[in-house]
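The values are calculated or read from the model by the stated rules, or taken from the named source; none is laboratory data. Values in this document were obtained by computation on a predicted structure and should not be read as measured data. Glycine also receives a Cβ, built like all others from the backbone with ideal geometry; neighbour counts cover every protein chain displayed. Surface areas here come from the heavy atoms of the whole protein model, side chains and all, with no ligands, DNA or RNA. Shrake-Rupley method; radii C 1.70, N 1.55, O 1.52, S 1.80 Å.
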Amino acid sequence: MEQSDIHQLSGEIYQILHERIDKLGVAYGIVSEFSYNPEEPPFWTITIEDYETVLTSAILFQYMKQHRNLKDALTHFMRDHFPYFT
């Protein structure tokens, strides 16, 4: 996965995050941040109740190295950063 892949997959990333969190039945928000500069990758600020974290492309790349696909990588990211995913 490369930087340009992140731009192309941003909609899918957003959708997967929503699907994973929506199943919890808790208050949450996902804010996608995009720059007009194509050199700057998008990132996502994820808030679930009182917890908040940022998913950057660098973090996503690390999870993608460890896990087979995007869904698995995002699931493990959510488990590592939010107590709701155990």
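Scanning the range 1-17 for residues that are open to solvent by less than 50 Å² (accessible area, probe 1.4 Å) and modelled with pLDDT of 90 or more turns up Ile13, Ile16, Leu17. Checking each residue in the range 43-58 for being of a type in the set (A, V, I, L, M), farther than 16 Å from Val26 by Cα and modelled with pLDDT of 95 or more picks out Val54, Leu55.
Tell me, which residue of the range 63-86 that is among the hydrophobic types (A, V, I, L, M, F, W, C) and part of a loop (DSSP other than H, G, I, E, B) is least open to solvent (accessible area, probe 1.4 Å)?
Per the criteria, the residue is Phe82.
Scanning the range 26-59 for residues that are more than 12 Å from Leu74 (Cα to Cα), without any contact (Cβ under 8 Å) to a residue 24 or more places away in the chain, open to solvent by less than 70 Å² (accessible area, probe 1.4 Å) and not in a strand (DSSP E or B) gives Ala27, Ser35, Asn37, Ala58. Residues that are touching a residue at least 40 places away in the same chain (Cβ under 8 Å) and part of a loop (DSSP other than H, G, I, E, B) within the range 1-25 comprise Met1, Leu24, listed in sequence order.
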